[in-house]
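To start, the structure under review is shown below, and the notes come after it.
The values are calculated or read from the model by the stated rules, or taken from the named source; none is laboratory data. Since the structure is predicted, the reported quantities are computational estimates derived from the model, not experimental observations. With ideal geometry, Cβ positions are generated from the backbone for all residues, glycine too; neighbour counts draw on all protein chains shown. Heavy atoms of the whole protein, side chains included, go into the accessibility calculation; ligands, DNA and RNA do not. Shrake-Rupley method; radii C 1.70, N 1.55, O 1.52, S 1.80 Å.
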Amino acid sequence: MENTLLLVDDEENILRSLVRLLRGENYRILTATSGSEALDILASHEVHVILSDQRMPNMTGSEMLSHAKDLYPETVRMVLSGYTDLASVTDAINRGHIYKFLTKPWDDDLLRTNVREAFERHELGR
């Protein structure tokens with residue numbers, strides 16, 4: 001089975017950067033530019049790991065990840081955000097049951113390692 005990663009960010013240049021960074025990791029990578037688009041993708045594809053921006057219009061990353069947790073509890077959920085205020089971090093963790101909260105700008109090696117570990121966590125949870 002192919003490891004599927006869903007990247008969610010309202011900034012397309014961020015999505016392109018993440019895809020470039022992670023495409024050599026042998027994942028099937030899906031992208032969404034909004035929380036509602038991400039939920040539509042989850043409804044039609046088996047996704048193992050979600051990496052989502054926190055601050056997006058209409059639906060925050062933690063709101064989307066909370067819905068994802070309710071509908072697809074086996075997914076491993078992570079937030080990647082440029083905003084590290086305590087309220088945002090706490091909300092993301094409490095609402096979406098987040099595995100990791102990562103910050104922008106990211107360290108390439110650390111991000112790759114965290115995504116790899118998220119897939120390992122998914123595999124262990126099966």
Given the peptides 2-9, 55-62, arrange them by the average over their residues of other C-beta atoms within 10 Å, most packed first. 2-9, 55-62
Leaving ligands, DNA and RNA out of it, report the carbon-plus-sulfur percent of the accessible area of the chain at a 1.4 Å probe. 46
How high is the FRET efficiency from R16 to R55, r the C-beta distance, R0 25 Å, rounded to 0.05? 0.85
Given H placed 1.01 Å from N in the peptide plane, which residues other than close sequence neighbours of S34 have an amide H under 5 Å from its amide H? D9
Residues of the stretch 106-126 with amide N under 19 Å of a point placed 7 Å along Cα→Cβ from E46: 118-126
Search the structure for amide H atoms under 5 Å from the amide H of S52, placed 1.01 Å from N in the peptide plane, and list their residues when 5 or more places away or on another chain. V8, M78, V79, L80
Show that you can apply the helix-only estimate: for the chain, add -39,500 (n - 2.57) for every DSSP H stretch of four or more residues, divide by all residues, and state [θ] at 222 nm to the nearest 500. -15000 deg cm²/dmol
Residue by residue through the stretch 26-33, the couplings from Karplus 6.51 cos²θ - 1.76 cosθ + 1.60 with θ = phi - 60°, in Hz, x for Gly and Pro, are 6, 9, 7, 10, 10, 10, 9, 9
Residue-normalised accessible area of the chain, expressed per residue, 1.4 Å probe, Å²: 52
What's the magnitude of the charge dipole for the chain around its Cα centre, counting Lys and Arg as +1 and Asp and Glu as -1 at the beta-carbon? Answer in Debye, nearest 20. 180
